[in-house]
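A short worksheet on the structure shown next.
No lab work stands behind these numbers, since they all come straight from the coordinates. This one's a predicted model, so the numbers in the text were calculated from it and none came from an experiment. Positions of Cβ are backbone-derived with ideal geometry, glycine not excepted, and every protein chain shown enters the neighbour counts.
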Amino acid sequence: MAIMYIFAGIMHFVKPKAYLRITPKYLPNHKGLVFLSGVAEVLLGIGLFLPVTKNSAIYGIIAMLLVFLLVHFYMLKGEKEGAGIPKWILLLRIPLQFGLIYWAYYYLPF
């Protein structure tokens, strides 16, 4: 899981245009948000490796994934917002997001 989030975060810097295209228009400072979300993903991914920060990183990932739901619903608004991705794929991403949330939650000690 950690590697996936670190990789996803790095991609915000490698391919920022892809993330800028799907950032909801109603949010301010798209470049800043793409940058911050990339940094957050990298740091949270690294946090998963460290026992002292693992649980905090998991809560951070869950919160981040919940916020990212805004993007998934925004992309359903139209073809331009969906970046040309077929609607059925965009619809499948929503339950996938909840699957990722559960995956993170699963690793919390109870």
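What tally of residues in the stretch 71-81 results from selecting those that are over 10 Å from THR23 (Cα atoms) and in contact with a helix residue (DSSP H, G or I) (Cβ under 7 Å, 6 or more places away or on another chain)?
The initial filter retains those residues of the stretch 71-81 that are over 10 Å from THR23 (Cα atoms), namely 73, 76-80.
Checking which are in contact with a helix residue (DSSP H, G or I) (Cβ under 7 Å, 6 or more places away or on another chain) leaves us with 76.
Residues in the stretch 71-81 being over 10 Å from THR23 (Cα atoms) and in contact with a helix residue (DSSP H, G or I) (Cβ under 7 Å, 6 or more places away or on another chain): 1 in total.
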*Within the bounds of the stretch 7-30, is there any residue that is small (Gly, Ala, Ser), within 19 Å of PHE98 (Cβ to Cβ) and in contact with a helix residue (DSSP H, G or I) (Cβ under 7 Å, 6 or more places away or on another chain)?*
yes
*From the residues in the stretch 69-86 that are surrounded by fewer than 16 Cβ atoms within 10 Å (Cβ to Cβ) and touching a residue at least 12 places away in the same chain (Cβ under 8 Å), which one is nearest to MET4 (Cα to Cα)?*
LEU69
*Wholly within the stretch 1-97, helices (runs of 4 or more DSSP H) carrying at least 2 residues that are of a type in the set (D, E, K, R)*: 16-22, 30-49
*Residue satisfying all of: in the stretch 53-63; of a type in the set (Val, Ile, Thr) and surrounded by fewer than 19 Cβ atoms within 10 Å (Cβ to Cβ); farthest from GLN97 (Cα to Cα) among these*: THR53
*Can you tell me which of LEU66, LEU50, LEU108, LEU44 is crowded, with 17+ Cβ neighbours inside 10 Å, closer than 18 Å to MET1 by Cα and among the aliphatic types (A, V, I, L, M)?*
LEU44
*asked:* Take the conditions exposed (fewer than 15 other Cβ atoms within 10 Å of the Cβ) and either under 22 Å from GLY99 (Cβ atoms) or aromatic (Phe, Trp, Tyr) (or both) and apply them to PHE35. Does it pass?
replied: no
*Evaluation of ARG21 against (1) without any contact (Cβ under 8 Å) to a residue 60 or more places away in the chain; (2) surrounded by 13 or more Cβ atoms within 10 Å (Cβ to Cβ); (3) charged (D, E, K, R) (one fails), failing number*: (1)
